[in-house]
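Read through the structure below, which is laid out as structure tokens, and then see the notes.
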Amino acid sequence: MIRHLSLFLLLLTPALQAADNLGVLGSKPKWGVLEHYQETITKDEFSQLIQNVYCTHGIAPDLIEINTDTARILTSREPQKFFTLRFAKNDTSRNPVPRLWHPARSWSHAKADKPLSGLRIALDPGHLGGKWAKMEERWFQVGNTQPVQEGDLALKVARLLAPRLRELGAKVLFVRDRNEPITAKRPDDFRELARKILIKNGVPQPRTEVLDPNDPEKEQTIRWQSEILFYRYNEIRRRAALVNFKLHPDLVLCLHFNAEGWGDPNNPTLTDINHLHLLVNGSYLEQELEF
């Protein structure tokens with residue numbers, strides 16, 4: 001299943017969208033990339049992954065049509081266009097899967113003292129921290145104590161983890177190694193786009209600035225929307241590009257701290273609530289696939 005994860009990420013992330021249904025700051029799918037995956041997967045394996053992993057809630061029949069030798073994948077409804085993926089006839093005739101990482105089976109003979117030898121691990125400390133912490137709302141302070149900034153904590157953990165991984169033989173790469181964004185863009189670069197998004201979402205004359213951080217309508221301001229476009233959408237896309245096109249790791253560890261709500265911001269209180277989240281790609285809703 002790991003062998004064809006990259007193929008299904010390409011198929012199911014932006015691919016099943018109609019031509020205009022792209023995420024914020026998204027780009028149109030490059031269907032030509034899938035030509036590299038022709039005859040790398042059998043019909044049985046493809047069908048099993050579609051039915052039992054990625055589309056477990058069902059799928060519109062015109063999105064992916066599985067035939068004996070091919071899968072016809074809808075790429076656009078207006079005008080109607082398709083991509084045809086050819087299946088391998090059997091396991092022995094399949095073409096090798098192009099990949100920039102090592103498959104799990106290649107680590108079966110790892111050295112006892114260096115079990116991660118040769119493995120490329122990218123550490124991605126979540127958020128930004130530093131002077132950006134308040135903007136991204138990943139900051140809190142109790143009384144006059146030193147503020148807790150989630151981005152700073154994530155980076156500190158990454159720096160503690162890196163030498164331990166190296167001792168085990170891994171090549172460690174940092175997606176973010178300081179309290180600064182990866183993207184060269186800044187919030188002001190997105191002000192016009194933020195204005196257009198607000199107007200499209202029913203705010204005909206959006207305010208420019210956030211006058212009060214506790215204002216329940218702050219999300220309807222150009223400032224707030226442009227900041228979201230900067231530190232969430234654009235920054236995350238730039239990190240993904242760095243991982244996919246430059247670092248080429250075998251494994252990415254995304255490190256995050258997410259503070260619980262602390263009640264009255266003028267009189268915050270700490271909480272013992274803790275969470276562990278595991279995000280696994282797959283099991284898309286039919287509405288997500290239709291989008």
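Criterion first (at negative phi and in a helix (DSSP H, G or I)) does residue 65 satisfy it?
So residue 65 fails the test.
Filter segment 94-130 down to residues that are in a helix (DSSP H, G or I) and not polar (S, T, N, Q), then give me how many there are.
Summing the residues that are in a helix (DSSP H, G or I) and not polar (S, T, N, Q) in segment 94-130 gives 4.
List every residue pair whose Cβ atoms lie under 8 Å apart, where the two residues are 6 or more positions apart in sequence or sit on different chains, the first residue falls within segment 139-151 and is farther than 25 Å from residue 177 by Cβ, and the second residue, located anywhere, is of a type outside the set (Val, Ile, Thr).
141/147; 141/268; 142/262; 142/268; 142/270
Kindly check whether there is at least one residue in segment 158-174 that is surrounded by 13 or more Cβ atoms within 10 Å (Cβ to Cβ), touching a residue at least 60 places away in the same chain (Cβ under 8 Å) and β-branched (Val, Ile, Thr).
There is no residue in segment 158-174 that is surrounded by 13 or more Cβ atoms within 10 Å (Cβ to Cβ), touching a residue at least 60 places away in the same chain (Cβ under 8 Å) and β-branched (Val, Ile, Thr).
Only one of 222, 273, 236 is without any contact (Cβ under 8 Å) to a residue 12 or more places away in the chain and either within 17 Å of residue 134 (Cα to Cα) or of a type in the set (Val, Ile, Thr) (or both). Can you tell me which?
236
Just checking, does segment 71-84 include any residue being modelled with pLDDT of 80 or more, assigned to a loop (DSSP other than H, G, I, E, B) and small (Gly, Ala, Ser)?
The answer is no; no qualifying residue exists.
This table checks each residue for (1) among the charged types (D, E, K, R); (2) surrounded by fewer than 12 Cβ atoms within 10 Å (Cβ to Cβ); (3) touching a strand residue (DSSP E or B) at 6+ places or on another chain (Cβ under 7 Å); (4) farther than 30 Å from residue 226 by Cα.
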| site | (1), (2), (3), (4) |
| --- | --- |
| 64 | no, no, yes, yes |
| 68 | no, yes, no, yes |
| 81 | yes, no, yes, yes |
| 93 | no, yes, no, yes |
| 96 | no, yes, no, yes |
| 117 | no, no, no, yes |
| 137 | yes, no, no, no |
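Take residue 201 and tell me if it is within 25 Å of residue 170 (Cβ to Cβ) and polar (S, T, N, Q).
no
Quickly run through segment 207-243 and pick out the residues that are surrounded by fewer than 14 Cβ atoms within 10 Å (Cβ to Cβ), farther than 14 Å from residue 136 by Cα and of a type outside the set (A, V, I, L, M).
Scanning segment 207-243 gives 208, 209, 212, 214, 215, 216, 217.
Pairs needed: first member in segment 101-113, without any contact (Cβ under 8 Å) to a residue 24 or more places away in the chain and surrounded by 14 or more Cβ atoms within 10 Å (Cβ to Cβ); second member anywhere, of a type in the set (Asp, Glu) and not in a loop (DSSP other than H, G, I, E, B); C-beta distance under 8 Å; at least 6 residues apart or different chains.
none
Quick one: in segment 178-228, which of the residues that are hydroxyl-bearing (Ser, Thr, Tyr) and in a loop (DSSP other than H, G, I, E, B) is nearest to residue 241 (Cα to Cα)?
Residue satisfying both the conditions and the ranking: 183.
Looking at (1) under 27 Å from residue 256 (Cα atoms); (2) without any contact (Cβ under 8 Å) to a residue 12 or more places away in the chain, which is the one condition that is false for residue 44?
(1)
Within segment 242-281, restricting attention to residues that are at pLDDT below 90 and acidic (Asp, Glu), which residue is farthest from residue 125 (Cα to Cα)?
Step by step, filter segment 242-281, then rank; the result is 264.
The values are calculated or read from the model by the stated rules, or taken from the named source; none is laboratory data. Computed from a predicted structure; not experimentally measured. Here the Cβ is made from the backbone with ideal geometry for all residues, glycine too, and neighbour counts use every protein chain on show.
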